[in-house]
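Please read the structure below before turning to the comments.
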Amino acid sequence: MRIRPYIPNKDYEYLSKWIDDERTHAFWCANLFPYPLTPEAFHDVLAKNSMERADSAYVATEDHGQVVGFFCYSVNPEDNMGFLKFIMVDKAKRGKGYGKEMLTLALRYAFQITGAKAVGLNVFPENNSAKRCYEKAGFVERNVTKNAFAYKDEVWSRCNMVAVLSEE
């Protein structure tokens with residue numbers, strides 16, 4: 001697996017097919033993107049986050065180049081804390097270790113290239129498979145905010161997780 005910068009005209013067609021139900025969409029982005037996803041809305045939010053938070057979008061590819069994952073990453077130079085968001089894996093690849101492998105590469109990039117000392121992310125604990133994936137990649141729960149997000153007749157908590165650079 002490799003990670004590389006997201007190329008809108010090349011990559012959107014793949015990831016736009018990975019989430020095909022509203023609840024999964026809400027788990028993924030906390031409705032920061034409209035459902036169903038459109039290229040305009042997706043790229044507008046990415047551009048806004050790039051300008052306001054210095055987020056960069058990346059894809060994970062299999063060795064032969066097929067896109068299998070997506071995430072955004074930024075690092076705060078003041079405290080060397082990185083942050084991952086909008087983490088998504090091709091639905092045909094979920095549960096097969098692709099997410100863990102992608103996050104392992106993202107953490108390597110964060111620690112070795114951007115100089116982050118720790119990397120955080122948020123997940124809804126109700127999204128059990130995502131939370132387990134993050135734990136397998138080395139993230140640990142830092143805190144939970146109860147009743148942080150309403151989705152239809154459900155109310156979800158928000159779990160902040162962190163992976164810390166080991167001093168080995």
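The values are calculated or read from the model by the stated rules, or taken from the named source; none is laboratory data. If you're wondering where the values come from, they're calculated on a predicted model, not measured in any experiment. Neighbour counts run over all protein chains shown; Cβ positions are idealised from the backbone, glycine included.
Whether any residue in the range 114-126 is among the small types (Gly, Ala, Ser), over 18 Å from Val164 (Cα atoms) and surrounded by fewer than 17 Cβ atoms within 10 Å (Cβ to Cβ) is what I want to check.
Within the range 114-126, the subset among the small types (Gly, Ala, Ser) is 115-116, 118, 120.
This time we only want the ones that are over 18 Å from Val164 (Cα atoms), so: none.
There is no residue in the range 114-126 that is among the small types (Gly, Ala, Ser), over 18 Å from Val164 (Cα atoms) and surrounded by fewer than 17 Cβ atoms within 10 Å (Cβ to Cβ).
Residues in the range 127-154 that are among the small types (Gly, Ala, Ser) and either surrounded by 14 or more Cβ atoms within 10 Å (Cβ to Cβ) or in contact with a strand residue (DSSP E or B) (Cβ under 6 Å, 6 or more places away or on another chain) (or both): how many?
Matching residues across the range 127-154 total 4.
At pLDDT 95 or above, farther than 14 Å from Ala163 by Cβ and more than 15 Å from the chain's Cα centre (by Cα): is that true of Tyr35 in this structure?
Judged against the criteria, Tyr35 is a match.
Would you tally the residues in the range 1-32 being β-branched (Val, Ile, Thr) and under 22 Å from Phe124 (Cβ atoms)?
Step one: list which residues in the range 1-32 are β-branched (Val, Ile, Thr), which gives 3, 7, 19, 24.
So of that shortlist, the ones also under 22 Å from Phe124 (Cβ atoms) come out as 19, 24.
The total comes to 2.
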